[in-house]
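The values are calculated or read from the model by the stated rules, or taken from the named source; none is laboratory data. The shown structure was predicted, so the numbers you read here are calculated from the model rather than taken from an experiment. Backbone-built Cβ (ideal geometry, glycine too); neighbour counts: all protein chains shown.
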Amino acid sequence: MVVGPTAVGKTDLCLKLAKNFKTEIVSCDSRQFYREMNLGTAKPSLEEMSQIPHHFVNSLSIDEEYDVRKFERDSLLLLEKLFAKHQMVIMTGGSGLFADAVVNGLDEMPEVAAEVRQQIIEEYGRKGLEFLQAEVAANDPEYYEKVDQKNPQRLMRALEIWRGTGKKFSSFRVKSKKERPFKVIKIGLERVREELYSRIDLRMDQMIKNGLFDEADALFDKRHLNALQTVGYSEIFGFMEGKYDVEEAIRLLKRNSRRYAKRQMTWFKKDESVNWFSPEDQEGILAFLPDQIF
């Protein structure tokens, strides 16, 4: 498993590892599942994906309901097939919860009516992040103390459970680790913060040049969908709704992308089983892996 923040260099490393070990790549980046979201999610290019089979990239439409529990199920079924052909499979992405679901499994959560989720999304669209923070803090303070308080997806999920069941999200989090029929080796990629932030800003400039605003405009009418409640699109939707000008939208795109990277690193740094490397040290990673595998 290759993890790390956005723009750190996961794609390049995974291509090299997949070629070296003659295997395939499985994405656990929840933003890259959706066919309609291309520029804002920094997917591997078509040329890169033509070199090595990639799974779960462009596998869904934004209109389809999909969550981490379905991803856990689908990934385990896929991995069973891939391990019948390959000794090693590479999973990569920056979505810590989705990665963790495959490695450790998920706590059992109750089913909640889709209308509850939709109502919360609409309220978030009208009232903003502060509304979510206040609701979760009031109704599930234990979880609020632990959650990334700037992540609307996590906050909406907690509020969804509370409204749908009357019970706290934290009451279902027992953290029971599942046994898996495979060994997991975790490689984490990190860069000096200033270098990473510079790469993020440059990548965002390139996305905008390549047509990110046009892509967001084509998705504007579906901005209420869960898949589009994410960095890289919500900032442009705010501009299109007349909340601020284009310069402010670009500033927010860069700032929020940097903040997203910081949250990703906070998540992965909590995992003591991750082996950290510089993305430039590909030879060091290739030398490290055989002793872990065999």
Checklist entry - Residue check, V68 against (1) over 26 Å from L202 (Cα atoms); (2) of a type in the set (A, V, I, L, M, F, W, C); (3) at pLDDT 95 or above, all met but one. Which one? => result (3)
Next on the checklist: Is it the case, given these coordinates, that T266 is surrounded by fewer than 15 Cβ atoms within 10 Å (Cβ to Cβ), closer than 23 Å to L97 by Cα, among the β-branched types (V, I, T) and modelled with pLDDT under 95?
Outcome noted: yes
Next on the checklist: List pairs: first residue in the range 193-218 and assigned by TED's automatic domain parsing to the domain that holds G232, second residue of a type in the set (D, E, K, R) anywhere in the structure, Cβ distance under 7 angstrom, at least six positions apart or on different chains.
Outcome noted: Y197/R258; I200/K254; I200/R258; D201/K254; M204/K254
Checklist entry - Hey, any hits in the range 174-189 for a residue that's within 17 Å of the chain's Cα centre (by Cα) and surrounded by fewer than 19 Cβ atoms within 10 Å (Cβ to Cβ)? => result yes
Next on the checklist: Quick check on the range 190-202. Is at least one of its residues acidic (D, E) and either under 29 Å from D291 (Cα atoms) or touching a strand residue (DSSP E or B) at 6+ places or on another chain (Cβ under 8 Å) (or both)?
Outcome noted: yes
Checklist entry - For the range 198-241, what are the residues that are among the hydroxyl-bearing types (S, T, Y) and farther than 17 Å from G125 by Cβ? => result S198
Checklist outcome for this item: So the helices (runs of 4 or more DSSP H) completely within the range 32-132 holding 3 or more residues that are surrounded by 14 or more Cβ atoms within 10 Å (Cβ to Cβ) and touching a residue at least 40 places away in the same chain (Cβ under 8 Å) are 68-83, 96-104, 114-127
Checklist entry - Within the range 243-287, how many residues are aromatic (F, W, Y) and without any contact (Cβ under 8 Å) to a residue 24 or more places away in the chain? => result 1
Checklist entry - Has the range 2-20 got at least one residue that is part of a strand (DSSP E or B) and not aromatic (F, W, Y)? => result yes
Checklist entry - T23 versus (1) modelled with pLDDT of 95 or more; (2) of a type outside the set (A, V, I, L, M, F, W, C); (3) within 26 Å of S198 (Cα to Cα); (4) surrounded by 18 or more Cβ atoms within 10 Å (Cβ to Cβ): which is the lone unmet condition? => result (3)
Item to check | Lone unmet requirement of (1) within 21 Å of P279 (Cα to Cα); (2) surrounded by fewer than 18 Cβ atoms within 10 Å (Cβ to Cβ) for I200 | outcome: (2)
Checklist entry - When only residues in the range 133-153 that are polar (S, T, N, Q) and outside any helix (DSSP H, G or I) count, which is modelled with the highest pLDDT? => result Q149
Next on the checklist: Exactly one of these conditions fails for K243: (1) out of contact with any Gly (no Cβ under 8 Å at 6 or more places or on another chain); (2) part of a helix (DSSP H, G or I). Give me its number.
Outcome noted: (2)
